[in-house]
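First up is the structure itself, then whatever we jot down about it.
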Amino acid sequence: MKVLFIGGTGTISSACSALAAARGIDLYLLNRGQTAHPDIPAGVHTLAGDIRDPASVISVLFESGMTFDVVVDWVAFTPEHIETDLALFRGRVGQYIFISSASAYHKPVHSLPITESTPLHNPYWQYSRDKIACEKRLLQAYQDDGFPITIVRPSHTYDRTRLPFKARWTVVDRMRKGLPVVVHGDGTSLWVLTHHRDFAKGFVGLLGNSRALGEAYHITSDEVLTWDQIFYIVANAAGVEAPNLVHVPSELINAFDSNWGAGLLGDKMHSVIFDNTKIKRLVPDYVATISYSQGAREMMDWFEANPERQVVDEGWNRMLDSVIAAYRQAWPE
């Protein structure tokens, strides 16, 4: 099977690239060559091209007569990006996989667990609204023209480089110094974190699978944690027994940082539990086996292997202190 990944070196896609290659898929990565990832194996073909410049893609792919069984676009975020892909690949591919987002599911969440039939609606986060618009356009292309789509909705997927906090290592540094760290809400909302190697097992099973055409799938872990538990797991992996957690309403956080706030109001403040029956039915060997405790240890090992990775953002520190001060003024202990 000959597969093209547009992108293929990011947090999620790097593990999918590695597993696809290990399973004997003839894999090509089309990207600008600006991001290197240690998990990309030898033997994967790399093509230099910019999907935002269709002429360069035509030159690299089609003028040389290349064809692919599957095309996966890891970097399509807006309907304009989808229009480019439709123009490039209509009639030239057996399956086109769009990477959407589980944040597109209805917020606030009406019922749990979330299934693929849960309505899509997110009035809080532009990123999610754009993904919803992309899905609608692709479904129209499938219904009108038979364009062979499959939609995949990752939730919070991570690798050893991706701590689950804004400012990343800054939060770990604060924990180790005994400084307060902000947890949105009361810390009891439920969340699901999926290791990228687990995600890859479900995803690679979709490649070239005719039963996936016209369908949408989310691929997540079945491990459900509260946000307090997530902070404690990372703290313990960092050698901190009792982190100083301050619970702050997401709306107050949004008042200080609208970018952080959009991700909270549109996604992370809402409890989520995912029903993975659909992906497991199509890919029977899919099961997420990497606990977040193991993932957190991998993160600490990666960050501590090189002090240059332990970047502390002093501007973020000041902002966190301001958020905490405002909260304590409004809700004194």
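The values are calculated or read from the model by the stated rules, or taken from the named source; none is laboratory data. Because the structure is predicted, anything quoted here is derived from the model rather than measured. Cβ atoms come from the backbone with ideal geometry, glycine included; neighbour counts cover every protein chain shown.
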Given the condition in contact with a Ser or Thr (Cβ under 6 Å, 6 or more places away or on another chain), surrounded by fewer than 21 Cβ atoms within 10 Å (Cβ to Cβ) and either in a loop (DSSP other than H, G, I, E, B) or modelled with pLDDT under 95 (or both), answer yes or no: does some residue in the range 188-209 qualify?
yes
Filtering helices (runs of 4 or more DSSP H) wholly in the range 1-100 for at least 3 residues that are touching a residue at least 24 places away in the same chain (Cβ under 8 Å) gives 11-22, 79-89
Expected single match for more than 24 Å from residue 94 (Cβ to Cβ), at pLDDT 90 or above and surrounded by fewer than 15 Cβ atoms within 10 Å (Cβ to Cβ) among 22, 55 is 55
Per the filter on the range 1-35, residues farther than 15 Å from residue 157 by Cβ and among the polar types (S, T, N, Q) are 31, 34, 35
Would you confirm, using the coordinates I've provided, whether residue 30 is more than 26 Å from residue 286 (Cβ to Cβ), surrounded by 21 or more Cβ atoms within 10 Å (Cβ to Cβ), touching a Phe, Trp or Tyr at 6+ places or on another chain (Cβ under 8 Å) and not basic (Lys, Arg)? yes
Conditions (1) surrounded by fewer than 19 Cβ atoms within 10 Å (Cβ to Cβ); (2) assigned by TED's automatic domain parsing to the domain that holds residue 250; (3) assigned to a helix (DSSP H, G or I); (4) not polar (S, T, N, Q) -> residue 136 fails only (2)
Notebook entry, point to check: Can you spot a residue in the range 233-253 that is under 21 Å from residue 102 (Cα atoms), not in a strand (DSSP E or B) and not small (Gly, Ala, Ser)?
Noted result: no
### Query
Do we have residue 299 as of a type in the set (A, V, I, L, M), closer than 27 Å to residue 122 by Cβ and assigned to a helix (DSSP H, G or I) here?
no
Per the filter on the range 247-256, residues touching a strand residue (DSSP E or B) at 6+ places or on another chain (Cβ under 9 Å) and surrounded by fewer than 16 Cβ atoms within 10 Å (Cβ to Cβ) are 247
Open item on the list: Here is a check on your reading of the model: is residue 171 within 21 Å of residue 250 (Cα to Cα) and assigned to a strand (DSSP E or B)?
Closed with: no
